[in-house]
Every structure is written in structure tokens, then in C-alpha cells.
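The values are calculated or read from the model by the stated rules, or taken from the named source; none is laboratory data. Everything numeric in this text was worked out from a predicted model, so none of it was measured. Cβ sites come from the backbone with ideal geometry, for glycine too, and all protein chains shown count toward neighbours. Accessible surface areas use protein heavy atoms only, side chains included; no ligands, DNA or RNA. Shrake-Rupley method; radii C 1.70, N 1.55, O 1.52, S 1.80 Å.
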Amino acid sequence: MDRRRVNGPPGGTTPPCYASTSSGKTHPSSKRTRGANEIRKIFLKTGLTPSASGSAYFELETPPTNHSNSLTNRTPALKLTCTVHGPRPLPRSAPFSPQLLLSTRVKFAPFAARQRRGYIPDSSERDLAAHLETALRGVLIGERWPKSGVDVVITVLEGEEDCPWHALAAGNQNGRTGGWGMMSILSGCITVASAALTDAGIDCVDVVIGGVAAIVRQPAAPAQLVLDPCPSDHEEIIAACVIGYLQSRDEVTETWAKGNITASSDGMGTTPMGFDALVDQAVEAAVAARRVLVEAIREGTEAKIQGSQIDFHAIGAALNIKENAARMRFYRLRKAIEEGEPGATPTKAATTPTKRKKDQANSDEGSAKKVKDEEVVDEAEGGEEGEGN
Amino acid sequence: MAPTAQPTILSPSELSYLYTSLSLNPPIRPDARSPTSFRPLVAETDLLPTANGSARLCFADGTEAIVGVKGEVERTGGVGKQIGIREDDVEMGGIEGEEGTGGAGGEDWWVEVTVDMPGQRDDDAMVVFLAQMIHEGLVADGGLRARLVINRRWHWRLYIDILLLSPPHTYPLPLLSLTAHLALLSTCLPAPVAGLEKDDDPIFNDDWDAAIPLYPSTPPSSKAKANLSAARPPITLLVISVGDNIFFDPSHAELAVADAVVAVTVASSPSSTDDLNLLAVRTIDPPSRLSSSAAEMGQAVEEGAWKPKKGGMSRTVLRKMVGMCVARGGVGEEVLGGLEGFT
């Protein structure tokens, strides 16, 4: 005991926390405005981080609220940025690896949610990273890069919270459990990582897309199956499921379901709500998100093609054809790829000149290849591309 | 995340033999078990004198785990651990919540699961993944959380410490989950003698013989219906698929050729006619993708050499796996029944 100074109270104090002036009941709680089988609008753009070999930015639409003046009523949003570094050689000290080593990292920015996050990843972030790795490992064609590694780093700039702030303040959590927001975040992580991997030009068997579905219940209503749940919109979430879906193969690389799944089918009668229905609805959500993903990849690739200047004169001289003929071949090839039919891989006649063109103008070939990567997921086709990388 | 610590030592032709025999109809497992039968195991409970509950489980392949469960009494409000504002502070402001957080049904973080594996760092992906998976199953139905409430201001905090004693030969998830199940079944918390009213400080009986089991073997008749659903802690089963066949309790060699690995958490259901409650499903990265043969065979598939499958698993297989676990009279019920015998 220090007798020379004025001591604080023994036993420590807790910092004062003031209750909100308005009770929770006066706030109109946010409600889901879209239909049960409608997902939120997605913004996705690739190639925003120039220093990374591939990158993408993902954002979920935040619906405007009529009481946006209050900080406590802000609708949670989801903003993710993903960078892919590599494939790059492993350090000399690392043991031999016959295939591409994937390492994933998911980190919340300290300012991502109302509660500040530290800089050291906590267990929920590492858990997300492990889920993401499972989702991506299945689609990577890893054996094309022996002795190399790729890092997928996702930063959550703004993360969803589990329940609205005023509900917390009023203490009426109704025994809500945490972690539902994590499922939406994982689904976004899978989609954004997939876009960034494609942007980096890493061979995959297909793009993997995340989808979420949940069984929710409003106070005076029967349980309901919804796509893409926003945790703050629903009074009670009974069960939720995230999947990583490969549409062209109709396969699932990642499943994460939790909650009281079978029990929720009790008393439903008309619509079964077991695990099967949950997975099917999550697939629906993924299929809807895939269109956004494919469009974003196409836009990103087109931007790259526009950016590169092609010297058709030099190509023509090298191939002993006229300049216009070289240009025509290029656009015909590009159009064939953009038509997007799986069979529209360039014919032999078209491929050969392009291969030779590569020596002259390797920049444009590089970009055209990107288009092929995502449209044509044939392994044999990807094999020749892998060498060019 | 590498599910197994060391890569498989089997040659490509051995893997191919294994894969073919497992995908036959009916399948032939290396140890001649049926697809749903488990390996024998040795278990004992209540072996740690200083823990509220404990168990030791030993699988036939030599993997062994010890789980200790400890309980601590903690104040429900106070310094917020995750959320700054809690019930107490609200009352200070003069707003009386008719039902505080404590009365509602508890919080997830009252149950803390840690996994310790020899030779693995605490922040290793596998350790984190395992701990999260076991925690997720325990808190999923809210039954355990609700039991931890003492009164409005006090609650039990449960620490479940899982210690793997042997090096992780196979993916240790079923071992750890079953051991945690047994430890929770043997857990007793001191019986309160006073202070169960709204917000008194609780006083406990210091006679250990009077302690109340966390999971009573026969649910009290007064609230039998409500409590039966969570009368037993959940278990997590590891299921693999090879071709169209589905196997439970895979050995190390079988995991090496698995097309897909899924962890399914189930708990007993309230009525005896329904299926079991499904609490969580997670896919796990099959270790075959990390084996060296995955790359060597990459160029051309030779006759007699096996190459792991790319892509994921089909939804039909996933459904079949989950269905086999939860079905009445299925594997999940059999395992739950078998574990009952230990206590």
C-alpha cells in the first residue's frame, strides 16, 4: 500500500457504460426487405491491387435505412479484399513439395466491427482460414507448380455483426448464439478468393463459389428457409449452412453447417427443412452469385486486353501475312473464346498462328490466356497454358 | 491445414490396391471390418482427482487422449468480455430488463475448449480447427449453455482441456470428441445450497458426494420434456467416402485414399422414434491431396497407379453420409449407446 499518494479504490473499478436513452422497443428492428430466395446484391471487381499477382474486392449491398441518422441502427455491411501472392518459389530451407502449397489467411481489420479486433489472428479467424483452405484446395491444380507456394490473404474491411446494436444494449439477446455472421463472411471469402485466383492466372478445375442458406424464425411465424441471411434481420436463426460449390461439376468442396438442423423440421409438415433442403438452398445462393463472379472476371480480363497495345504490323511481318489479316485472326480468336461455349476452344488453324504471335507480342497473348483460363477448365488445355506462366 | 502430421508412406500401387478394394461392392477394408463398424477402444472415466470430470480413451491403433473438465463460478455481467454493455449496466441506467442475459440461456463463450497435441503449436491450423469443431457441437443446441446458469448474476464457466497423448497418427477428431463426451458425462458440479434466487451470491455444498452431475443419467421428471433433448453431450463422427462407399472410423491407410472426409456432429433426440439431432457438418480437406503421389501421377494416369480426385464431393454422397449418421438405428445411435456403458 502506497501511503504517500492518493490511492484508487481497492478491488478495481469497471468503466462506466451508459445505457442508451431510448429503449430497444422504440427502434423498429431492421427487417429483411428482399424475398426469401433473393440474395443481396454483390459488387465484385478484380485487379485492384497492382502489387499482387491477383486481387479482388467484394462488397455486399447495404440497403438504405430510413433511420440512418442513428449510429446504433447502421445496417451491417460486408467488405472484403483479397490478394493472391504467387505462385512463387518456396524458400531454400523449405522441404521439397511436389505441388503448389496453399496458405490462406483471413484477418479482420481492427476497425472491421464495433468491437475492436487485435492484430494477432484469434481462433475464429484461423478457423475461417482453415475453411477457406479446404474450399480452395479442391479446385487448384497444384501439381503444375512443384516447389512453389501461393498465399491467399483476405482482409475483412467491414464485417457483419451478429445482432443489432440496440438489441445488445437492451440486453434482450434471447439466448442468441454468436457465429452466424461468420458464415456469410466465409461465403464471401470463398467467392472473392476464387476471383483473385483467376485474376492471378492460377489453374483451377472450376471457379468455386460460396453460398449461404439459413433456417430462420420470426417471433410469430413458422420457420422459414432463406438464402443469404443477414444475421441482424432475423430474430432467431436456427441453423445455417455455407457451401463452396463448383457449378460445372455439380460438386461441393466445402460444407459448414451448424445449428439445430434436424429438429427444425418438426411441425413443418408442408415444407421439409432438413439438412438436404439447407444444402440445396445454399447451392441456389451460390449459383446466383456465380453470375456476378463470371461477369467480374470477364470485365477484369477485358480491361487487361484493352490496356495492352498490340503491334499487328510486327505480327504480320513475322507471320508473312498482311497487318489486317493478323488483326482479324486475333479478333476472331477472341470472339470465339468470349462466346463461352466449352467447345469453342480455338481450332488448330487458329491456335498455331497465335502461338507464334506470342513471340512477338507476348503481352496480348498473356491477356487472352486469362479469358481462356476461366472459360475453359479442361485440364489438358490448361496444361499448355501453365508453361507460359 | 494438414489433417495428418506425416504424409502417407504408401506407394502409388499400394494406394491403388487400397482404393480399388475399398470401392468394390461390397467393400473390403484392410482390417476386414464392415463399413460401419468401429475399432475396439478402451476407456476410463473419473481418473483425475482435481478435475470436475475426466476421461481417458485409447483407440486400438495406439492413439490416446485425456480430457479434464473444470468448472469455475463467474459473474455474469461485470467487465464485459466481448460486449461492452451488459445487463448490469443497463439496470444502472434504470431500465429493468424483464429477463437478463443470464436467465435466457447462457453464452457460447462460457464453454471453452482447448486442444493440445504433441509437436504442434497452439496456433496450428489443425489444433484450432479441432477445438472450434468440438466447441461448435457442444454449444449448438443450447442445452449445455442453459445448464451453466446459476442465477441471474452468476454462472458456471466450463473449461474442457483436451490432451492428445500419442503422436497424431490418424486424424484425431473422433478420438477427441468421444473422450470429451465421456468426460462431460462424468462431470459433476458442486450442489448449490443457497442463492439460487434472482441475484444472490450462491453458496455451494462442499460435500463432493452431493455434487450434481452436469448430465443427469435420468432427467428430472418435472421438466423431462424440455431437458431430454440435451440429455447427452454430442459426439462427432468422422466419415469418409471412397467411390460410392461410405466408411466410419477410418484408419490411417483408409484416410490416405479418401475422396472426401466429413465430420458430422450428432446428439440424441428428444423422442425415441425420430432421427438423431444433427448439430454440425464440416468437410475436411482429404489428406490424399497432400500426398506425394498426387503430383507424381499428375501427367498421365497409369494402370495400377492411383491419383487423388480433383474437385469436391457430390451432394448425393454428402446426403448419404449425413443420413447414415443421424438415422434411427444408424451409426450415431449405436455409438451413443455404446458410450453409455462406460459411465
Inset, instruction - Considering only residues that are of a type outside the set (A, V, I, L, M, F, W, C) and over 14 Å from B:V281 (Cβ atoms), look in the stretch B:133-142 and name the one that is farthest from the other protein chains (Cβ to nearest Cβ). - result: B:H135
Legend entry - Filter result for B:I28 (modelled with pLDDT of 90 or more, open to solvent by 60 Å² or more (accessible area, probe 1.4 Å) and assigned to a loop (DSSP other than H, G, I, E, B)): yes
Inset, instruction - Would you mind finding the one in A:A286, A:A368, A:A350, A:A303 that is part of a helix (DSSP H, G or I), at pLDDT 50 or above and farther than 18 Å from A:V139 by Cβ? - result: A:A303
Legend entry - Residues that are part of a loop (DSSP other than H, G, I, E, B), open to solvent by 60 Å² or more (accessible area, probe 1.4 Å) and farther than 19 Å from B:P172 by Cα, drawn from the stretch B:6-25: B:L24, B:N25
Inset, instruction - Give the residue, chosen from B:T101, B:T76, that is open to solvent by less than 20 Å² (accessible area, probe 1.4 Å) and at pLDDT below 50. - result: B:T101
Legend entry - Residue pairs meeting the criteria (Cβ under 9 Å; at least 6 apart or on separate chains; first free of Cβ contacts under 8 Å to residues at least 60 places away in the same chain, in the stretch A:290-306; second open to solvent by 40 Å² or more (accessible area, probe 1.4 Å)): A:E302/A:E338
Legend entry - Tally of residues being within 16 Å of the chain's Cα centre (by Cα), assigned to a loop (DSSP other than H, G, I, E, B) and within 19 Å of B:G329 (Cβ to Cβ) across the stretch B:232-270: 4
Legend entry - B:R147 being closer than 26 Å to B:A191 by Cα and more than 16 Å from the chain's Cα centre (by Cα): yes
Inset, instruction - Tally the residues that are assigned to a loop (DSSP other than H, G, I, E, B), among the hydrophobic types (A, V, I, L, M, F, W, C) and at pLDDT below 85, restricting the search to the stretch A:142-179. - result: 2
Inset, instruction - Starting from the stretch B:246-258, keep only residues that are under 15 Å from B:P40 (Cα atoms), then list their pairs with residues that are assigned to a helix (DSSP H, G or I) whose Cβ atoms are within a distance under 7 Å, requiring at least 6 positions of separation or different chains. - result: B:F248/B:V331; B:D249/B:P174
Legend entry - Of all residues making up the stretch A:207-237, the number that are open to solvent by less than 10 Å² (accessible area, probe 1.4 Å) and either of a type in the set (K, R) or at positive phi (or both): 0
Legend entry - Filter result (in contact with a Ser or Thr (Cβ under 7 Å, 6 or more places away or on another chain) and assigned to a strand (DSSP E or B)) within the stretch B:145-161: B:W154, B:H155, B:D161
Legend entry - Options A:R105, A:R92; residue that is within 14 Å of chain B (Cβ to nearest Cβ) and surrounded by fewer than 19 Cβ atoms within 10 Å (Cβ to Cβ): A:R105
Inset, instruction - Return only the number of the condition from (1) under 23 Å from B:D249 (Cα atoms); (2) of a type outside the set (G, A, S); (3) touching a residue at least 40 places away in the same chain (Cβ under 8 Å) that B:H135 does not satisfy. - result: (3)
Inset, instruction - For A:R291, work out the one condition from (1) out of contact with any Phe, Trp or Tyr (no Cβ under 8 Å at 6 or more places or on another chain); (2) open to solvent by less than 50 Å² (accessible area, probe 1.4 Å); (3) modelled with pLDDT of 90 or more it doesn't fulfil. - result: (2)
Inset, instruction - Just give me the residues in the stretch A:109-136 being of a type outside the set (K, R) and part of a loop (DSSP other than H, G, I, E, B), in sequence order. - result: A:A109, A:P110, A:F111, A:A112, A:A113, A:Q115, A:G118, A:Y119, A:I120, A:P121, A:D122
Legend entry - Scan of the stretch B:286-332 for residues that are closer than 24 Å to B:L57 by Cβ, buried (at least 19 other Cβ atoms within 10 Å of the Cβ), more than 8 Å from chain A (Cβ to nearest Cβ) and modelled with pLDDT of 80 or more, ordered by number: B:M321, B:C325, B:V331, B:G332
